[in-house]
Amino acid sequence: MRTITPIHTLLVLTALMVQVPSPSIAASNDRLNPGIIATAEAYRKAMLAGDAAGAAATYTEDGIAMPSCRPPVKGRAAIERYYRELFSAPARITGFTFSYWEAVARGDLGYATGAYQQKLSVPPGRVVEDTGKFVAVVKRTASGWQAVYVIYNSDHPDATTPIPTTAMVLPMTPPLVQYLSSLFR
């Protein structure tokens, strides 16, 4: 079996990006691979259910998650631990949707790009909303499409960035979730 290295993935993605037009705000149906969308939907449902094993199962064994404001999380087992820690906090993800720009496959590799919206319920009854974007590199496996690399980040500055206005925008990054949760332990 041939190993796909990061450089192979980069070369394939570069070739894919040259072959496809730039994403628009909403993808047409021919730009949305149903198998890739099904994997993203499984991830979304796992996140809403607080299911760390389910979220991690959408990644390959050697998958890498690159969350906002955190170092990369390498390997399915580490990804599951990361989500288990996130879901153990009193804060809960109560809303989570994707808007796809593209979900394209060529052979056994593909990618998905788009935007997300999240709602987080934080004790005592507050709701924090976040929007952001993501890129996922996926690989066809015996289990179907699985994430090899996923990066996502908020459209909002992180909580440590000074904001030059009187309004405070709270991002939905895992460090913020952990911080807010620690206030209510």
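Numbers for the structure displayed
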item: Amide proton proximity set for HIS156, modelled H, under 5 Å, gap of 5+; result: THR131
item: Computed E for THR94/THR141 - FRET, C-beta separation, R0 25 angstrom, nearest 0.05; result: 0.20
item: Three-way shape label, the stretch 49-127, alpha-carbon gyration tensor, a/c 1.5; result: oblate
item: Approximate spin-label separation ALA115-ARG81, in nm, with each point projected 7 Å along Cα-to-Cβ; result: 3.6 nm
item: Eligible aspartates and glutamates near LYS119 by straight Cα distance, threshold 20 Å, same-chain separation 8 or greater; result: GLU41, ASP51, GLU85, GLU129, ASP130, ASP155, ASP158
item: Linear extension gain, ARG126 paired with CYS69, 0.36 nm per residue minus alpha-carbon span; result: 18.3 nm
item: Gain upon complete extension [ASP108, ILE37; 0.36 nm per residue less C-alpha separation]; result: 24.1 nm
item: Global geometry of the stretch 48-90, whether rounded, prolate or oblate, following the gyration tensor of its Cα atoms and the 1.5 cut on a/c; result: oblate
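Throughout, read-outs are computed from the coordinates displayed, never taken from laboratory work. Every value quoted in this text rests on a predicted model; they were computed, and no experiment measured them. No Cβ is skipped: glycine too gets one built from the backbone with ideal geometry, and neighbour counts run over all protein chains shown.
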